[in-house]
Structures are given as structure tokens and as C-alpha cells.
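Asks: Got a structure here, written out as C-alpha cells. Questions coming.
Just so it is clear, none of the values below were taken in a lab; they were calculated from the coordinates. Values in this document were obtained by computation on a predicted structure and should not be read as measured data. Don't worry about glycine lacking a Cβ; one is built from the backbone with ideal geometry, like all the others, and counts go over all protein chains shown.
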Amino acid sequence: MKQVDFENGRTLTNIFKTALPMLVAQILNLLYNIVDRIYIARIPEVGTVALGAVGLCFPLVILITAFTNMYGSGGAPLFSIARGKKDDREAEEIQNTSFFLLIITAIALIIIGEIFGQPVLSIFGASDASMVYALPYLRIYLLGTIFSMVATGMNPFITAQGFSTVGMTTVIVGAAANIVLDPIFIFALHMGVQGAAVATIISQALSAAYVVKFLFGNKCEYRLKLMNFTEFKRCRYRASKIIALGTAGFMTYFTNAVVQISCNSVLANVGGDIYVSVMTIVNSARQMMETPIIAISEGTSPIISYNYGAHKFDKIKKSIVIMFSLEMIYTICVWLIIRFAPEVIIGVFTSDKTILKDAIPAFNLYFSTFVFMVFQYVGQIVFKSLGRKGHAIFFSLFRKIVIVAPLTYILPYLFKMGTNGVFAAEPISNVVGGMACFITMFIVVNRMFKVEKNSNNPL
């Protein structure tokens, strides 16, 4: 397995070497949830209702991802910076600390979720009809939390070591299993929604096993070690650094969960259960279409972090320009598809033709400013990669909590826009929040580099 040379390789080549395997991994990782939704929507007679019910579980699934992202996206940049400084011991301790945090948090989330799952779903807007499908799915899904968090949370450390193809393979193992197992458990074994959750757990367990096997193995440059509580106490300051930087990633997913709860609640009130199902389709499509943007961003992140630690600022600038250009080209192409053939993408997630008349207008409105998402992603990933936790956290909160969440209530009720108001909140935030994040990033990065050139000291 060939290791990517972040220090000496060509910037564009390194981005492709990390981003392309990550793109494949992201696409396949997306299948964990999307394949479930595709099959669930096609369950005879109850597919559309069941899809909306599972959509009510998404905020909790997103919350699990938020904690995973906190330790993965918080630890991996610090790990890469330490590698750039040639501080191998610090890099190892950061990796071990992140792994410990993932395990402890996963156990806590399983216990809390199993106890409070039903009342939480009720708060999220689950009706008696949808609770029949939502609660069994959630309770089974939660049992695989530790597998999900280890597989997803430790994968960035594999990529940060330059083993991007290994990171891709860890996801392929689980996603392939999920594609095969879903129809078996849902249809062949007649388990319905619960079968989708069982298939997902098994698939996540296989991914986690592959990740752990590699990180504990001899082929890994920085071998993983399971810390005990005494060792963890000595690394508390590292844990605080990981959590501080990872809070931005956590807030991105946490605020997504808050917004999802708000959207489902308002849509159920002003549009009924059918619009909760429409939002589930919209969110599924968004995840699918965002995947290449995430792959390019996360593929560029270790290159920025490593060269920041090595004080190679020209490589950082070049990485940012390449990342922005690739993402902009992609989003323009996708926006054209959304604009002229939305039914093609909607058809991936449902075969119910009656839902199209509501889904197509919502789809066009929600994704009307899809291109502007690039500005948010580029700004956020640069802040995270350079360890600028304050900026990263602020803009995670700004777009979702300050803009989207209030507009989700203001537009439907105060401005009498109904369901259109819910779907209009996101495109407004893309423009306002995205541009604010990108412009600030541009100013901050230029100021940082000017200080470095004038002082010739590490930042």
C-alpha cells in the first residue's frame, strides 16, 4: 500500500490521491443511510409512511455523527500538524486519546438513547402511526453506535497517515455488506424497517473491524494503543485540545440535527406527514450531492494541516485554490441538473409518483443556491485544518442557528409562506452564511501568512 507524501509531492497530485479514495469512501458511506431509505420507501403499502418515520430518527443519527466528527475532525488535524513537526510521540498520543474518547462516548450514547428514545421521538414530532416504525428502527440502530463511531471517527487518522486507499477500503467493506444485507433482512426475512437497522449494524461492525485491524497492525505507521483511565488522565490536555478543535465539526452536525427537528416539526404542522417524507427525500438528496464536496474538502485537509506544521505556506495557499476550483466546477454541474431535471434525483429515493407534485417545487427551492455551499465548506475546512477553532465554531453556529433555525419558523408563520418557508430557509443561509465564512477565511489566512513572512517565526 503506497503512502501519500504530503511534504514533497505535488499539491494537485496529493489532493487527488487523498480526495479520490475519500470520494469513493464517502459515496459508499452515504449508502449506509441512503440504501436503507431507498429500500424502506419501497416496502409495499407502508413505504412512504415508514420513510417519514425513519426520517424522524435522523436528528439522533446526526447527533451520533456529531460526536464522531468531534473526535475525528478534532484529532486528525492536530495529528497531521504533529506529523508535520516530526513530533511522532505527540501524534501517537493524539490518536490514542481520540480513540478512547470515541469508545467512552459511544457507550454513553447507547445507554442514553435506549432509555430516552421514545420520549425524544415524541418531541421530534412522531405521531402514533409513525412511532410504530420509528422506535424499533432507532432502538436497533443505536446498538451499533460503537461500531459506527469507531469506523467513521478513526478513518481520518488512516488518511492523515497517507493511507487513503486503506481508508477507502474500510468503508467499501461495510457499504458492500449493507447493499447485500438490506434486501435480505427487509424483504426476504420480512423484517421491514427493523431489518434495515439490523443490516446497518452488521455492516458498521465489519467496517469497524477493518479499521481496528489496520490501526493495531504492523503496516500502520502510527500504531493504535488502547489507553486505560490512568493513561487518559495524563492526556487530559490533549483531550481538551481535540474537543476544542472538534467542537466546530460537532456543531456542524449538532446544528443540522436542531434544524432537522425544527423542519420536521413545522412541516408536520403546516403540511402534514407527507411533507416530512418530502424533507426526508430532500435531505437524502443533499447528502448524496454534497458527498464529492466533502471528499474534496476532507481530502485537502490533511495536506493543509501537515504543511502548516511544516511551515510550507505556499503549499497551503495552492491547496486552498485547487480545493475551491474543484468544488465550484462540481457544484455548478450539479445545480444545472437540479434546475432542469429534479425528478431524476427524486426518483432515486421514491417510486411513489403522487409525491412528485409536492417534492419537485420543494426540491427546486431548497437547492436554488446550492453553488454557494462551496464558500461555507472551503472556509470551514481551512479554519479547521489550521487549528482556528474559534472561527470554525462561530461559522458552524452562525449559518444554522442564527440564520436557518429562526427562518424555519419566521418564514412559514410570520410571512405566511407555509411549507415553502421551511424550504426557503436553507438557500438564504447558503448565501449569507457561506459568503461571510469565506470572506473571513480569506482575510484571516492572508493576515496569518503576512505575520509569518515578516517574523520568520512559527505561527
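Asks: Taking Cα atoms, how many degrees apart are the long axis of helix 145-160 and the longest axis of the chain, rounded to 10 and kept between 0 and 90?
Replies: 40
Asks: Grab the beta carbon distance between Phe116 and Asn269, set R0 = 22 Å, and tell me the FRET efficiency rounded to 0.05.
Replies: 0.40
Asks: Based on the Kirkwood radius over alpha-carbon pairs, what value in µm²/s does the Stokes-Einstein equation return for the translational diffusion coefficient of segment 399-459 at 20 °C and 1.002 mPa s?
Replies: The diffusion coefficient I find is 157 µm²/s.
Asks: Computed on alpha carbon atoms, what radius of gyration and Dmax characterise the chain, expressed in Å?
Replies: So, for the chain, Rg and Dmax equal 21.5, 69 Å respectively.
Asks: Compute the helix-to-body angle for 11-40: its Cα long axis versus the longest principal axis of the chain, expressed 0 to 90° and rounded to tens.
Replies: 20
Asks: To continue, here is another question. Pairs of alpha-carbon atoms within less than 8 angstrom and 6+ residues apart define the contacts here; what relative contact order does the chain have, in percent?
Replies: Once normalised by length, the contact order is 23 percent.
Asks: If r is the Cβ-Cβ distance from Ile332 to Val402 and R0 is 25 Å, what FRET efficiency results, to the nearest 0.05?
Replies: Computed FRET efficiency for Ile332 and Val402 comes out at 0.35.
Asks: If you fit an axis through the alpha-carbon atoms of helix 164-183 and take the longest principal axis of the Cα set of the chain, what angle between them do you get, 0 to 90°, nearest 10?
Replies: Approximately 20 degrees, to the nearest 10.
Asks: Compare the peptides 58-65, 226-233 by average per-residue count of other Cβ atoms within 10 angstrom and give them in order, highest first.
Replies: 58-65, 226-233
Asks: While we're here: Could you give the nm distance between label points at Tyr237 and Ala108, where each point is 7 Å from its Cα heading toward the beta carbon?
Replies: Using points 7 Å along Cα→Cβ, the separation is 2.3 nm.
Asks: Further, regarding this structure: Obtain the nm distance between the two label points defined at Asn446 and Lys357 by a simple spin-label model: each point lies 7 Å from its Cα along the Cα-to-C-beta direction.
Replies: Output for this residue pair reads 5.3 nm.
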